[in-house]
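Chemist: Let me give you the structure first, and then I'll get to my questions.
What follows is calculated from the coordinates using simple rules that are stated; it is not laboratory data. Predicted, not measured: the structure shown is a model, and the values here were computed from it. Methodologically, a virtual Cβ is constructed for each residue, glycine included, from the backbone with ideal geometry; neighbour enumeration extends over all protein chains shown.
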C-alpha cells in the first residue's frame, strides 16, 4: 500500500475500534542474524519503556497497529514479523522450533539494546508461546509478560480449524476469493478493513496468483 492508503486504513481501523488517536505510520526496519532477516515496525517513542509485540501464526506485525497507535504516547512500541511471516525471511532449514524463535527474540532484544532496560513482552497465540519461552530464560530482563489467547494447553479443534483455513487459502486467483473465505471463517470481520489487511498477509507471484507470505512448512 502507498503511505496515503496506509494512513487511511489506520484511521478507519482506529475509528471502528472506537479510539481517538493521532494517526501516524511506523518506521519499517530490519535486523539480520544467523541466516535470518527479521522485519519489524518501530512506532516510537524513543526514551520510553519499550514494548515488544509478537503476533500469532499466519499473521504479521500489523496485528498490533491500533494497539501501538494507542500506546505509543506512553511506550516505545516494536511489532515484529516473526520468522516465516510478513516481511521477514523464511527459515532456509525450515526451523520454526521454539528454540529458533527464542533465538530471534534474543537477537532482536540485543540488537536494540533492550537488555539494559526492562521491557514489556506481549505475545498472541503462537507469539504468546514464543514470548513465554523467552521469559522462561530471561525473566530478569522483563518488566512484564502479557499473553493473549495462549495458555498451558492448546484446543486441538480450534487449532485444526485455523490450520485448515490457512492451508486452504495458501494461494488464490484473486483477492476477492480470499476475502470471501475470510468472511466465511470469521463473519465478524469488517469488509472495509479486510481487503487492506489481507494485503499485509499475501503477495502476488509472477503468475498473477495471490500467495501467503507465511511459510507453510511450519505446520
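Chemist: Per DSSP helix of 4 or more residues, -39500 (n - 2.57); summed, then divided by the residues of the chain. What does that give at 222 nm, rounded to the nearest 500? Can you show the working numbers first?
Modeler: Working: 7 runs with 83 residues, N = 219.
Value at 222 nm, helices only, nearest 500: -11500 deg cm²/dmol.
Chemist: Quick one: compute the contact order of the chain, relative version, from alpha carbon pairs under 8 angstrom and 6+ residues apart, as a percent. Write down the numbers at each step before the final one.
Modeler: Numbers: 351 pairs, mean separation 40.8, N = 219.
Relative contact order here is 19 percent.
Chemist: Between residue 177 and residue 140, take the C-beta separation as r, use R0 = 41 Å, and let me know the FRET efficiency to the nearest 0.05.
Modeler: Details: r = 48 Å, r/R0 = 1.18.
Efficiency for this residue pair is about 0.25.
Chemist: In addition: Sort out for me the Cα centre separation of region 1-69 from region 147-187, rounded to whole Å.
Modeler: Comparing the Cα centres of region 1-69 and region 147-187, I get a distance of 22 Å.
Chemist: Compute the length gained on full extension between residue 165 and residue 118: take 0.36 nm times their separation in residues and subtract their Cα-Cα distance, giving the result in nm to one decimal.
Modeler: Values: separation 47, 0.36 × 47 = 16.92 nm, distance 3.76 nm.
Contour length minus the Cα-Cα distance gives 13.2 nm.
Chemist: Additional query: In whole Å, what three semi-axes, largest first, describe the equivalent ellipsoid of region 3-157 built from its Cα gyration tensor (square root of 5 times each eigenvalue)?
Modeler: Values: eigenvalues 114, 62, 56 Å².
Equivalent ellipsoid of region 3-157: 24, 18, 17 Å, largest first.
Chemist: A follow-up question, please. Viscosity 0.890 mPa s, temperature 25 °C: what is the translational diffusion coefficient of region 107-208 from Stokes-Einstein with a Kirkwood Rh over Cα pairs, rounded to a whole number of µm²/s? It would help to have the intermediate numbers written out before the result.
Modeler: Working: Rh = 16.5 Å.
Translational D for this selection: 149 µm²/s.
Chemist: So for each of 143-151, 27-35, 100-108 I average, over its residues, the number of other beta carbons within 10 Å; can you give me the resulting order with the highest mean first? Present the calculation step by step, with values, prior to reporting the outcome.
Modeler: Numbers: 143-151: 14.4, 27-35: 11.9, 100-108: 19.6.
Per-residue Cβ counts within 10 Å, averaged per peptide and sorted highest first, yield 100-108, 143-151, 27-35.
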